[in-house]
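**Q** The structure under discussion is supplied below as structure tokens; questions concerning it will follow.
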Amino acid sequence: MVDKNNIVVASSFMSSDVGKTFFLNLDGTGIQHEAEPAEGREGGTYTAIVGESGVSGWKAVVWASTKTIEEPMRHSLRMLLAGGLLVIAIGAFAAWLLGRQIAGPVRRLARDARRLGAGEPVHAIEYPIAEVATVSSALAEAALDREQAENEIRLLMREVAHRSKNQLTVVSSMAKQTARSSRTFAGFQDAFQKRLHGLARSTDLLIAGGAAGVELRELLAAQVDPFRPDSAERLKMTGPKFRLANQPAQTVGLAVHELATNASKYGAFSTSTGRLEISWKVKDDILILTWREHVSKGRRRNVRRRGFGTEIIERMVGGTLDAEISRVFHRDGLECVFRIPVDRLVPDSLQNPSPTDEVD
């Protein structure tokens with residue numbers, strides 16, 4: 001407490017200051033910031049709250065060192081700064097650790113991708129990051145799919161090479177036999193071209209059927225349709241479903257083409273009244289295929305002449321398929337019967353067909 005002359009009347013700080021001039025220069029009332037001590041007194045700046053009596057002019061002063069007042073704030077700021085730096089350090093370390101956890105798997109994924117591009121095997125790896133593990137599994141599956149596709153392509157290339165060699169052998173034999181039975185170049189050209197077309201039709205069926213083989217009914221229809229008359233009653237085919245392997249289908253197709261060609265020249269399709277019946281059945285693991293023509297008695301063909309068709313039937317069908325072949329020239333037309341072991345005809349993936357599933 002100081003009087004109007006700034007003399008200390010009472011003090012809670014030091015009783016020795018009573019009666020002495022107050023060491024702060026007080027100016028007005030209220031909160032004073034950075035109040036300077038009186039001349040000759042030491043100390044820094046102070047903050048004082050002054051309340052003045054309007055009657056006596058005495059003043060009540062509450063004061064403290066500015067440093068003391070601001071120290072808690074400075075401490076809080078220092079702690080806040082230290083905490084911020086600590087959080088930044090922890091965040092940086094966590095980011096570095098996370099980046100390391102991601103960078104390693106990503107580099108391994110990049111290596112796996114290069115291995116996939118080079119056609120090398122890739123194995124899935126369990127990563128702690130689910131997304132990276134998913135990509136690794138996808139790369140492994142892609143590598144497996146690629147390997148399977150490459151194996152299939154190599155298999156197909158071998159199959160194409162094998163079939164090409166077989167086709168060349170068949171074409172060469174066709175050319176030789178056609179040349180032997182042709183008297184003029186024009187006749188050779190016409191006959192050879194027709195036989196090539198027949199071979200092409202069989203090849204189309206082989207490609208469409210793939211490894212599953214060719215249905216016998218489809219093969220017969222493909223070879224006979226170019227020669228058949230418009231009347232559906234003049235051609236009848238009956239027999240169960242029966243699927244041929246590719247190579248036997250090609251051989252049987254050539255034989256049927258020759259029979260159909262001869263039928264158009266000399267047999268059932270050479271007149272307006274001739275008929276052709278083709279039937280087949282399976283008995284005791286033997287496929288029995290019957291080709292029966294019905295013609296007028298005046299169109300009975302010359303049985304002494306042996307042409308390319310006879311060579312196809314006897315050498316290719318009889319020799320390569322172990323078939324028993326009987327050819328009988330009835331008074332009303334040719335009857336040709338093939339007895340072929342089923343195990344020489346069907347694809348390896350199929351079982352013996354049922355002889356009861358007959359279709360007209």
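The values are calculated or read from the model by the stated rules, or taken from the named source; none is laboratory data. Small disclaimer: the values here were computed from a predicted structure and weren't measured. Glycine also receives a Cβ, built like all others from the backbone with ideal geometry; neighbour counts cover every protein chain displayed. To get the accessible areas, we keep the full protein, side chains included, count just its heavy atoms, and leave off ligands, DNA and RNA. Shrake-Rupley method; radii C 1.70, N 1.55, O 1.52, S 1.80 Å.
**Q** What is the spread of the Cα atoms of segment 50-149 along each of their three principal axes, largest first, in whole Å?
**A** 109, 19, 18
**Q** Note down the accessible area of Thr68, probe 1.4 Å, to the nearest 10 Å².
**A** Spelled out: Thr68, probe radius 1.4 Å, area about 90 Å².
**Q** Right, another one. How would His257, His294, His123 line up by accessible area, probe 1.4 Å, largest first?
**A** Heavy-atom accessible area, descending, gives His123, His294, His257.
**Q** Another question about this same structure. Could you sort Val224, Val9 by accessible area so the largest value comes first, with the probe set to 1.4 Å?
**A** Per-residue accessible area, sorted high to low, gives Val9, Val224.
**Q** Might you work out the accessible area of Tyr127 for me, using a 1.4 Å probe with all protein chains in place, and round it to the nearest 10 Å²?
**A** 20 Å²
**Q** Can you give me the long-range amide H partners of Ile286? Hydrogens built in the peptide plane at 1.01 Å from N, cutoff under 5 Å, separation of 5 or more residues or another chain.
**A** Val342
**Q** Looking at this model, which pairs from Lys176/Lys241; Lys194/Lys236; Lys176/Lys281 are more than 30 angstrom apart at the alpha-carbon?
**A** The pairs that break the limit, which is 30 Å between Cα atoms, are Lys176/Lys241; Lys176/Lys281.
**Q** Moving on. Using a 1.4 Å probe, how large is the accessible area of Met157, given in Å² and rounded to the nearest 10?
**A** Accessible area, nearest 10 Å²: 120 Å².
**Q** I'd like to compare 82-90, 274-282, 243-251, 318-326: which one has the highest average count of other Cβ atoms within 10 Å, and what's the full order after that? Don't skip to the answer; put the middle values down first.
**A** Details: 82-90: 10.0, 274-282: 19.7, 243-251: 22.3, 318-326: 14.8.
Highest-to-lowest ranking by the protection proxy: 243-251, 274-282, 318-326, 82-90.
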